[in-house]
Structure formats: C-alpha cells, structure tokens
Amino acid sequence: MSTTPTTLFDKVWDAHVVQHIDDGPDVLFIDRHFIHEVTSPVAFLGLKNRGLSVMFPDKTFATADHNTPTINQHMPVQDPLSANQLKALEDNAAKYGISHWGLGNPKNGIVHVIGPENGITLPGMTIVCGDSHTSTHGAFGCIAFGIGTSEVEMVLSSQCIMQPKPKKMRINVHGKLGKAVLPKDVALYIISQITASGATGYFVEYAGEVFENMSMEGRMTVCNMSIEMGARGGMIAPDDTTFAYLKGREKSPKGAAWDSVLAYWKTLKSDKDATFDKELNFNAADIEPQITYGTNPGLGTGITKKIPAAAEIAGSENSYKKSLEYMGFQENELILGKKVDYVFLGSCTNGRIEDFRAFASLVKGRKKADNITAWLVPGSHIVEQQIKEEGILNILTEAGFQLRQPGCSACLAMNDDKIPAGKYAVSTSNRNFEGRQGPGSRTLLASPLVAAAAAVTGVVTDPRALMQ
Amino acid sequence: MAYDKFTVLKSTAVPMPMENIDTDQIIPARFLKATERTGFGDNLFRDWRYNPDNTPKQDFILNNPLYSGKILVGGKNFGSGSSREHAAWAIYDYGFRCVVSSFFADIFKNNALNIGILPVQVSPEFLEKIFKSIETDPKAQFIVDLPAQTFTIAATSEIAVFDINTYKKHNMLNGFDDIDYLQSIKPAIQAFTEKSFY
Ligand code: SF4
C-alpha cells in the first residue's frame, strides 16, 4: 500500500474507478442514483430506442418534486405538461422496477431531502442526479453531483458515468459562529468572498471548527450551495455527528452490517498532510447574517452592509449595473429596511426541520406582516410530519402563516408558485438568477432567520434585532 | 441518443458575435417540460427568434436567409448557466454540428460532445477573423477537419488547430457516445460491482 497522504475526495473517487482511459475520462461507478420527473423521461426514451434495460434498478430511486403543486396534492395535477411528466416517471419506474415515491406517498419530498432522511445516502458513496444541487449529499462524505440527461441514461444502463477527475480545493472556516448566524450564512459568505465562479473546476472539501460543530442538516445546506460557487460539488468528512444521524434510519445498515461499515466510514477523512490544489481560510467571527442583492449568488453581503459600488466589484461593471437595475436597487444603498412582498421558506437548501424550527423561533408570539405573502414549503412529508408533531405548526398558525405541501415550489417555479414580476422575495432557496422564481421576480437569498424577520416586519430586517 | 459520425465538415456559418450566450437563452426553461427529444430545434433561441405572438423577429440572425450552415459561431463563454442538456439538443436538432467560440462553459462543452456537436475553441483573434470573413461574405466557407483537428477559413486558407481529447475524438469520428462505450465494458462493470458493498 502506498503511504502518500490522500484527500477524502481521492479516497472516495479512487474507490469507484472501474477503468481509467488515457487522455480521457475515468469510468466512475455510481452507488446511488436519484431521478425525478423533469430530467428523466428522455433518458428512458433513449434506453427504449437502444433496446437497453436498467442494469441495477435497486440503485436508482425516483421521486416527484420539481413540477408538483404544493396545495391540494390529492387532486389531479392541473398543468397537462407537468401531469404528463409525472405519469412518465411513474410508468418508467414501474416498467423497470425502480422504487418510486410519487405524489401522495408518505415518503415523497424533494430528492435531496428524502435521500438523507431515509438513509439512502451513506458516507463514501458516489451519488448522482439530474439536478445540480445533488451536491447536498456531500454532507455525508459522498462524492455527489448533478448530471445531464445523457448521463442519466448512462447510469440507468450501466451504473457508470464518464468523468474527468476535478481539481481539489479545501475551504476551512475557523472559530465559532455568532448569534443568529446559520449554515446558510456561512455558504453565502464564502460565495460572496470567492464569487459565483470562484470554485469552477474544483471539488470542495469543507473543514475546520465551524463544520465540525455543525449539525448534519447545516452541513447539507452548505454542501448544497457548493454549486453556487462554481464547484462540481462539496463534501465534509463523516464523523460522530454523521453516524448518530444515520443510525436507525430506514435504509441505514443494521446490526453487524452497521458495525463493519462504520469501521470503513471512520477512515473517510483527508490524511494530515494531504495536499489540495487550492486551500482557503476564513474566520467565523467575520460572518454576520447574509443577504443577496444582485442576480447571482455571489452578489451578497452582511445584512447590515450597504450595496457595494460597481467599482468595488470584480468583473464587468456593466453586468453589475444591469443586475442592480433588474433588482431595482442602487449602489451604496442600505439593504436593511427594503420592502419585501414574498417570503419563501423551503427548497433542498433550507426545507428541513431545523430550518422550520429556526423560522418558528423568531415568529413565535409575533404576527405575519400584512404586506407579506409567505410560502412555507416543507422539503418532505417526513419534515411536514415533524412540524406538526413538534408543535411548530401551532406557532406558525398563531402567527398567521399557513403550511404548504412538500416540493421544490418557488425554488425554480416550474409549478404555480411563481413570484410575480417586479416583486421582492426573501427566499431560503439557492439561486437568485433573473426570472428564477418566476418571470421578472426579484430574489434576495437568505437564511431561515432572515426570512422570518422579513416575514414579521415586512421589510429586510436583521434577525438579531428581534432576538434581544 | 446515437448521432451521425463527424469527420470533415465544409459549410457556411451563422455568426452570433455576443458574449455569454447562456443556456436559458438557447432554450428557455418553459420548454423543459417535454418527455421526448423532438422539436427542440424549433425552440432554439426561442425568445430571441420569435415575438410573443410567434411571428419571427426580423432582425434575428436565424431569421435572415442570407445566413445558414452547419456551423454556429458564438462569442466568448458560450453555453454558461444551467446544466440542461436540452440546450445542446436544440442546437443539434436545428441542424448545427459544430459550435465555434473562444471559450466554452464546462458543462455545455461536455453535453455537446456527448450528443455529437463538436465544440471548437479558437483564439479570440482567430474568432474575430471568422466573424470578419462572414461579414465580408455571408456565403464564406469553413472547413472543420476533425482527424487533423483543424479549422480553416477557406477564402484565406488561415488555419487554427483545436484541442479534443483522444477518447472524445474517437467517439465523434465513429458516431459513438459514452453509452456505447459503457455497454462495451459491461463485464468489467459487473466484476466491479461484486466488490462494492453499497
Ligand atoms: S429545491 Fe430547487 S435546487 Fe433543490 S432539487 Fe428542487 S429545484 Fe433543484
């Protein structure tokens, strides 16, 4: 055995290389494949046209989430195109013997929420899905990333994809997070510092005290946002927090199988002297609650700061000005106090129980502001159930909020949950591109606490001011 | 999806000299609800090409009969944005086989190669020469020679050499894609799974 120090990424990658092609990609074996209604139908069509079958149906899991309505899920889906995609997924899953948690199934939810909560996602796996935020699963020490439809067809037919090995970057955040600073703020802060393309070409490992002390749900939020800094994915070494989270989950190994796999999982960390192509260091003390003001996730700042002048922004001045124009903002303005119309709590970034707990902790005993339309969308039925069982629903209802049914919802606005043109949304999702939450919508990305503060005051508000 | 072999292509070209042509412009999100891979060519650059009432926009290049061909020439950072493979499908289905630019977004380049579009990266100076040549003569011919890895402006015989990895080149020359390759190594994959415990 070689004693060269290796990174966590290399350990997992190398364990999955079926074949290395000179001056070409690696053939990488995929342990888990998630599919949903939008990017899978054409892949299945490809299989049919070539007369191929699904090689390992038990390694693929299907859920309906991107297109689905978040009210009246017991009723037929109104939009014929969406209904058609949902039907195609159901038929394809049935035809090839793939597990399918469709609408109405008690385990249905957003693909990147249900994988971990049911123990489908396990440390050291390679995981892919036709959705770029597949990086979420990296929180468990997995190599997880989004793929295109041809690659979905590859995985279905051969359980492999062909990938060149990316470069490696480690991002360390040292120290302890301040009051009201959540994992989402850590992610938004890093992206604001390195820009939305700062990690292009890299796979990121997050390390340091902040991530060591972070819950699994927080780690998922951070890894989820890796793609927004341009990275192919992000990962965190599994530790006792990871193992405690996984123990007893539906598909987690049990008994002797658990013990043997645990011994392996404990080896999944970067060796002490392992080297990275790039290494970055940040201090937790520099991070306050964050909010974005522009049309890419890198255009964000501390909530008490002003919108920077174009001259302070690296890159094209013209596109920065165009971005502010789209948002209806000016250089050097304070973001605090800006009027908000919509609040969206949800998505695979912040649609888990800890996010609802944080939101509820702040709206408790307060009332929803009259000018706010709030969409609170749990990431899964299991999250929805927890919200009810923990009494969070009562808190929300008393404060004048309603809970919707699980799905991607306003994260990409493929269903009816669209922010109207010109309106401002404080959103816990992951992208603030032009029109992402509906044509003309204006998105301010933030944490569940910042979303809650906006929901009860009607304007952009520092949550710390409400937490005395 | 199988595609036609690519060896040597001689064609006129369609110029789009703007930077950052992103996948949302190439194929807007509302066309992602299809369950089949047909008709994407009709929606290529949909919002640049058609008015809201579906009449063609007269000033858009694809609506100008002077310009046609199997080569699309775009400005820097072509194909940025989301990973939707539909963008590459739309370009292929419309009839393009080669896209030329001075820089391609990573995922687009991958997707293009996967479905049989050859992305040719040339220097910014050479890209200017191509645009210039089309400006002088909309019927100017270009030669894309994949075996030799060269792109030639026929009128001036100026040549640019482009990069492509050996594996992808072999695939394009033979009309193979990754799925064909993976099918051919199935025994190795099967053997690999026997030692995998997930
Ligand atoms: S919530 Fe958004 S990012 Fe997450 S899977 Fe759905 S569409 Fe993708």
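The values are calculated or read from the model by the stated rules, or taken from the named source; none is laboratory data. Computed from a predicted model, the values in this text were never measured in an experiment. Please note: Cβ atoms are built from the backbone with ideal geometry, for glycine as well, and neighbour counts cover all protein chains shown. We work out accessible area using only protein heavy atoms, side chains counted, and drop any ligands, DNA or RNA first. Shrake-Rupley method; radii C 1.70, N 1.55, O 1.52, S 1.80 Å.
Rounded to the nearest Hz, the phi-derived 3J(HN,Hα) couplings of the range B:138-149 under the Karplus curve 6.51 cos²θ - 1.76 cosθ + 1.60 (θ = phi - 60°) are x, 9, 4, 9, 10, 10, 9, 10, 5, x, 8, 6, where x marks glycine and proline. Per-residue shielding of A:151-163, expressed as the average number of other chain Cβ atoms within 10 Å of the residue Cβ, stands at 5.
Shielding by partners for A:13-19, please: the mean number of other protein chain Cβ atoms within 10 Å of each residue's Cβ.
On the way: counts 0, 0, 2, 3, 1, 9, 6.
Average neighbour count from other chains, rounded to a whole number: 3.
Positive end of the dipole of the protein assembly as shown (Cβ unit charges, origin at the Cα centre): among A:G379, B:I117, A:G438, the Cα lying farthest that way belongs to A:G379.
Here B:K5 is the anchor, and the lysines within straight C-alpha reach of less than 24 Å, apart from those fewer than 8 places off in the same chain, are A:K48, B:K70, B:K109, B:K168, B:K169, B:K186.
Neighbouring Cβ atoms from other chains, within 10 Å of the Cβ of residues in B:76-87, number 3 on average.
Give, to the nearest whole percent, the P(r) tail of the range A:142-205 beyond 19 angstrom, counting all Cα pairs. Of the Cα pairs, 51 percent sit more than 19 Å apart. Pairwise inverse Cα distances across the range A:292-466, averaged and inverted, put the Kirkwood hydrodynamic radius at 16.1 Å.
In µm²/s, what is D for the range A:179-323 at 25 °C and 0.890 mPa s, where D = kT/(6 pi eta Rh) by Stokes-Einstein and Rh is the Kirkwood radius from Cα pairs?
D, rounded to a whole number, is 143 µm²/s.
Only Cα sites of the range A:1-150 enter the Debye sum here, all with the same form factor; the resulting log10 I(q)/I(0) across q = 0.10, 0.13, 0.15 1/Å is -0.40, -0.64, -0.82, listed in q order.
Counting only DSSP H runs of at least 4 residues, each contributing -39500 (n - 2.57), and dividing by the residue count of chain A, the helix-based mean residue ellipticity at 222 nm comes to -9000 deg cm²/dmol.
As a size descriptor, the averaged projected area of the C-alpha convex hull of the range A:1-288 was calculated at 16.9 nm². When the Cα convex hull of the range A:261-389 is projected onto planes of every orientation, the mean area is 13.3 nm². A Förster radius of 30 Å combined with the Cβ-Cβ distance from A:N281 to A:A465 puts the calculated FRET efficiency at roughly 0.50.
Size of the dipole of the protein assembly as shown about the Cα centre, Lys and Arg at +1 and Asp and Glu at -1 on the beta carbon, nothing else charged, in debye to 20?
On the way: 65 positive and 72 negative charges, 146 e Å.
Using only the charged Cβ atoms, the result is roughly 700 debye.
The calculated FRET efficiency for the pair A:L336 and A:I71, based on their C-beta separation and a Förster distance of 41 Å, comes to about 0.80. Under 5 Å from the amide H of B:V120 lie the amide H atoms of B:V99, B:V100, B:S101, each residue being 5 or more positions distant or on a separate chain, with H modelled from the backbone and absent for Pro and chain starts.
Please state the relative contact order of chain A as a whole percent: Cα pairs under 8 Å, 6+ residues apart? Can you show the working numbers first?
Numbers: 1114 pairs, mean separation 80.6, N = 468.
It rounds to 17 percent for chain A.
How many percent of all Cα-Cα pairs in the range A:1-87 sit more than 17 Å apart? Write out the running numbers ahead of the final one.
Details: 2539 of 3741 pairs.
Result: 68 percent of Cα pairs exceed 17 Å.
Taking every DSSP bridge with both residues inside the range A:1-288, close to 20 percent are antiparallel. Each Cα pair of the range B:81-198 feeds into the Kirkwood radius, which the Stokes-Einstein equation turns, at 37 °C and 0.692 mPa s, into a diffusion coefficient of 201 µm²/s. Taking label positions 7 Å along the Cα-Cβ direction at both A:T6 and A:T397, the computed distance is 5.4 nm, reported to one decimal. Accessible surface buried by the B/A pair amounts to about 3600 Å², both sides summed, 1.4 Å probe.
Would you calculate the convex hull of the Cα atoms in the range A:68-223 and tell me its volume per residue in Å³?
Values: hull volume 24.7 nm³, N = 156.
Measuring per residue, one finds 159 Å³ for the Cα hull of the range A:68-223.
Rounded to whole numbers, the Karplus 3J(HN,Hα) couplings from phi for the range A:369-379 are 5, 4, 7, 9, 9, 10, 10, 9, 10, x, x Hz, using 6.51 cos²θ - 1.76 cosθ + 1.60 with θ = phi - 60°, and x at Gly and Pro. Efficiency by 1/(1 + (r/R0)^6): what FRET value for A:W258 and B:E158, r their Cβ-Cβ distance, R0 = 60 Å, to the nearest 0.05? Step by step, r from the Cβ atoms, then E = 0.35.
Please compute the contact order of the range B:85-142 in relative form: average sequence separation of alpha-carbon pairs under 8 Å and at least six residues apart, divided by the residue count, as a percent.
Values: 50 pairs, mean separation 19.5, N = 58.
Computed value for the range B:85-142: 34 percent relative contact order.
Per residue and in cubic angstrom, what volume does the convex hull of the Cα atoms of the protein assembly as shown have? Intermediate results must be reported in sequence, preceding the final value.
Working: hull volume 104.6 nm³, N = 666.
Convex hull of Cα atoms, per residue: 157 Å³.
Taking Cα centre as origin and charging only the Cβ of basic (Lys, Arg, +1) and acidic (Asp, Glu, -1) residues, the dipole magnitude of the range B:50-198 rounds to 140 debye. The simple spin-label model puts a point 7 Å past each Cα toward its Cβ; for B:H170 and B:K5 those points are separated by 1.6 nm. In the range A:16-71, the portion of solvent-accessible area held by carbon and sulfur atoms comes to 52 percent [1.4 Å probe, whole percent, DNA, RNA and ligands not counted]. The length gained by stretching the chain between B:D47 and B:K76 to full extension, at 0.36 nm per residue less their Cα-Cα distance, is 8.4 nm. Less than 13 Å from a label point 7 Å out along the Cα-to-Cβ axis of A:D58: which backbone N atoms in the range B:173-198 qualify, by residue? Residues B:194, B:197-198 qualify, since their backbone N sits under 13 Å from the label point.
What translational D, rounded to a whole number of µm²/s, comes out for the range A:332-409 from Stokes-Einstein when the hydrodynamic radius is the Kirkwood one over Cα pairs, at 4 °C and 1.567 mPa s? Translational D for this selection: 100 µm²/s.
Can you tell me the accessible area per residue over the protein assembly as shown, all protein chains present, probe 1.4 angstrom, in square angstrom?
Working: 25190 Å² over 666 residues.
Value for the protein assembly as shown: 38 Å² per residue.
If you count the DSSP beta bridges with both ends in the protein assembly as shown, what percent of them are antiparallel, to the nearest 5? Each step should come with its number before you reach the end.
Values: 27 of 80 bridges.
Around 35 percent antiparallel, to the nearest 5.
For trypsin sites (Lys or Arg not before Pro), no site in the range A:298-327 is both called loop by DSSP and has at most 14 other Cβ atoms within 10 Å.
Considering only A:F329, A:A199, A:P5, the residue lying farthest towards the positive end of the dipole of chain A is A:F329, judged by Cα position with unit charges set on Cβ.
The phi-based Karplus calculation (6.51 cos²θ - 1.76 cosθ + 1.60; θ = phi - 60°) puts the 3J(HN,Hα) values of the range B:38-54 at 10, x, 5, x, 5, 9, 4, 6, 3, 7, 8, 8, 10, 6, x, 8, 6 Hz, whole numbers, x for Gly and Pro. Take the Cα of B:K129, step 7 Å toward its Cβ, do the same at A:K179, and the gap between the two points is 6.6 nm.
Put a plus charge on the Cβ of each Lys and Arg, a minus charge on the Cβ of each Asp and Glu, and nothing anywhere else: the dipole of the range A:292-466 about its Cα centre is then about 180 debye. Between B:T12 and B:K70, B:F142, the built amide H atoms are under 5 Å apart, and every one of these is 5 or more places off in sequence or on another chain. Extent along the principal axes, Cα only, for the range A:407-450: 25, 23, 13 Å, with the longest axis given first.
Cα convex hull of chain B: mean projected area in nm², to one decimal? Directional mean of the projected Cα hull area for chain B stands at 12.8 nm².
Counting only DSSP beta bridges with both residues in chain B, tell me the antiparallel percent, nearest 5.
Details: 13 of 26 bridges.
In chain B, approximately 50 percent of DSSP beta bridges are antiparallel ones.
Across the range A:207-246 the C-alpha pair distances fall into 5 Å bins from zero in the proportions 6, 24, 32, 22, 12, 4, 0 percent.
Normalised by the number of residues in the range A:9-134, what is the relative contact order in percent for Cα pairs under 8 Å and 6+ residues apart? Walk me through the numbers before you get to the answer.
On the way: 162 pairs, mean separation 42.3, N = 126.
Worked out over the range A:9-134, it gives 34 percent.
Amide H contacts of B:K57 (H built 1.01 Å from N, in plane; Pro and chain starts excluded): B:Y50, B:N51 sit under 5 Å, all sequence-distant by 5 or more or on other chains.
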